1. Just want the answer: with Cβ charges of +1 for Lys and Arg and -1 for Asp and Glu, which residue in Val72, Pro91, Asn104 is farthest toward the dipole's positive end in segment 1-116?
2. Starting with the fewest neighbours, write out Leu276, Leu299 ranked by other beta-carbon atoms found within 10 Å of each beta-carbon.
3. Count charges around Ile199 for me, please; just the other residues with Cβ under 10 Å from its Cβ, Lys/Arg as +1, Asp/Glu as -1.
4. Compare the peptides 105-115, 280-290 by average per-residue count of other Cβ atoms within 10 angstrom and give them in order, highest first.
5. Could you let me know the centre-to-centre spacing of segment 178-202 and segment 1-50, using Cα atoms, in angstrom?
6. State, in angstrom, two size descriptors of the chain derived from its alpha carbons: Rg to one decimal place and Dmax to the nearest whole number.
7. Given a cut-off of 25 Å, name the pairs among Lys237/Lys304; Lys51/Lys304; Lys82/Lys274; Lys81/Lys303 whose C-alpha atoms lie farther apart than that in the structure shown.
8. Using the alpha-carbon atoms, what tilt in degrees (0 to 90, nearest 10) does helix 296-306 show relative to the longest principal axis of the chain?
Amino acid sequence: MRIERPTDAILDEAAQAIANGELVVLPTETVYGLACNALNPEAVRAVFKAKGRPDENPLIVHISTIEDIGKVASGCNGACKKLADRFWPGPLTMVLKKLDAVPNETTAGLGTVAVRVPSHPVALEVIRRAQVPVAAPSANVFMSLSPTSAEDVDPNVAESARLVIDGGHCEYGLESTVIDLSEDQPRILRPGAVTRAEIQAVLGMPLGQTPPHNGHLSPGMYPRHYAPSARLVIVDKVSEDAAGLTFEDPAQSRQVKMPHDAKAYAANLYRALKRLDALGVSEIQVESPPNTAEWEAVLDRLKKAATQVSP
Ligand code: TXA
Ligand code: MG
């Protein structure tokens with residue numbers, strides 16, 4: 001795994017590689033992504049292969065400026081425009097009607113495409129220099145924890161890439177919010193770094209129901225996801241002898257004290273789970289955060305990580 005600091009030469013090399021159909025691991029403000037030219041079907045197939053990702057699970061297309069939306073989607077008016085003005089660049093992904101230029105490989109054959117403008121300066125600059133829309137799923141093996149730093153990128157995934165650019169620890173540490181704008185009523189498909197309340201405040205209208213986790217109705221939303229290797233259980237209080245995430249002072253070294261603030265918790269969640277996983281524990285107990293709106297995305301990830309069934 002070749003990890004490089006984002007010098008001017010490295011940004012050029014990464015952009016060139018993407019333009020030429022190769023893969024690169026890029027930092028974003030949410031999680032690290034395994035990036036490729038979104039308009040190149042072969043490159044996209046290589047991304048699915050590297051992750052062991054089922055091909056019915058579409059990728060997010062990243063652009064460096066809202067003007068480039070016209071390269072992949074039919075337009076950005078109404079709700080899209082309002083949300084883009086408020087949240088882009090940033091961790092919000094919008095599902096829009098797609099253009100034919102986007103290959104079926106990227107969108108899993110759907111008539112829609114998921115788009116976002118990331119705010120991480122390294123991601124933005126590489127996309128800008130590559131001069132193509134960039135597809136990037138999280139740089140982890142399917143179903144496992146997303147990496148939030150260069151050293152947390154799975155070496156098996158990185159093997160498929162020319163290089164990993166080290167852009168530091170991700171600001172949000174949790175994937176972008178995915179909102180579907182392809183039908184009349186906007187609805188959140190995946191809770192994430194931008195909260196439902198923040199979106200509602202901008203749109204000034206209620207959002208549709210998030211569809212149930214059914215791989216067919218809503219591709220890519222599997223019951224088990226974002227999971228460590230250890231069994232994850234959500235508990236009221238972490239047992240003294242167990243490995244786990246707690247809000248209190250840890251009883252021992254296999255416990256990690258987590259922040260009470262939802263955003264700070266999210267930024268540290270995957271890293272903390274990875275740390276405990278690396279100890280080889282068989283079970284990780286996670287003290288349940290409050291069941292309130294600001295914790296929606298964290299609770300979503302914890303519930304999925306705690307689910308034992310395969311998709
Ligand atoms: O924060 C993020 O979004 C990160 C960084 C790298 O940008 N990327 C990421 O990608 O989380 P991935 O592939 O792990 O998750 C993409 C999600 C999946 O739940 C997928 O089903 C959904 O976006 N998605 C993509 N295209 C879609 C579409 N056309 N319709 C509905 N859902 C879509
Ligand atoms: Mg992912």
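The numbers here are math on the coordinates, done by the rules we state, and not lab data. All values reported here derive from a predicted model rather than from experimental measurement. Counting neighbours? That spans all protein chains shown, and the Cβs are built from the backbone with ideal geometry, glycine included.
1. Positive-most Cα among the choices belongs to Pro91.
2. Details: Leu276 22, Leu299 17.
Listing Leu276, Leu299 from fewest to most nearby Cβ atoms yields Leu299, Leu276.
3. Every neighbour counted, the sum reads +2.
4. Numbers: 105-115: 20.8, 280-290: 16.3.
Highest-to-lowest ranking by the protection proxy: 105-115, 280-290.
5. 27
6. Over the chain's Cα set, Rg and Dmax evaluate to 18.7, 56 Å.
7. Details: Lys237/Lys304 19 Å; Lys51/Lys304 18 Å; Lys82/Lys274 37 Å; Lys81/Lys303 32 Å.
Among Lys237/Lys304; Lys51/Lys304; Lys82/Lys274; Lys81/Lys303, the Cα-Cα distance tops 25 Å for Lys82/Lys274; Lys81/Lys303.
8. 70
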